[in-house]
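For reference, the structure discussed in these notes is given below.
Coordinate-derived values only; no laboratory data. What you see is a predicted model; the values in this text were computed from it and never measured. With ideal geometry, Cβ positions are generated from the backbone for all residues, glycine too; neighbour counts draw on all protein chains shown.
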């Protein structure tokens, strides 16, 4: 099983899209193993988005992600990272495939609703930034046998 970090960004929270985004990920067969509503500090934002430091959009990205509450989650499932990324759609909602979160609900590349880890190592690093191990719940769903072999 693979785990990935997902963040419903400030625009998703402010627009009341938390439930819709959660249900899309649940309907894909992913299992929620951690979730919290939080305000991301400037320091945490810099650690999370440090890979983009020096890029023209970095400062506005930090201002945006710290501007309002976010919902931070860990989802689990076979190939969870790729599945979440396909469900999210490409970064620019104008170019995202129909049926994805960003295509259906997003409007602007800088207000694109959701973040998902882009690889196994990134997911592990990001999860550890936002969650202590004891905050993640290992549990068995009765429906798992109907979702995976």
Residues in the range 113-134 that are part of a loop (DSSP other than H, G, I, E, B) and touching a helix residue (DSSP H, G or I) at 6+ places or on another chain (Cβ under 6 Å): how many?
2
Answer yes if at least one residue in the range 136-148 is over 14 Å from residue 31 (Cβ atoms) and either surrounded by 12 or more Cβ atoms within 10 Å (Cβ to Cβ) or touching a strand residue (DSSP E or B) at 6+ places or on another chain (Cβ under 9 Å) (or both), and no otherwise.
no
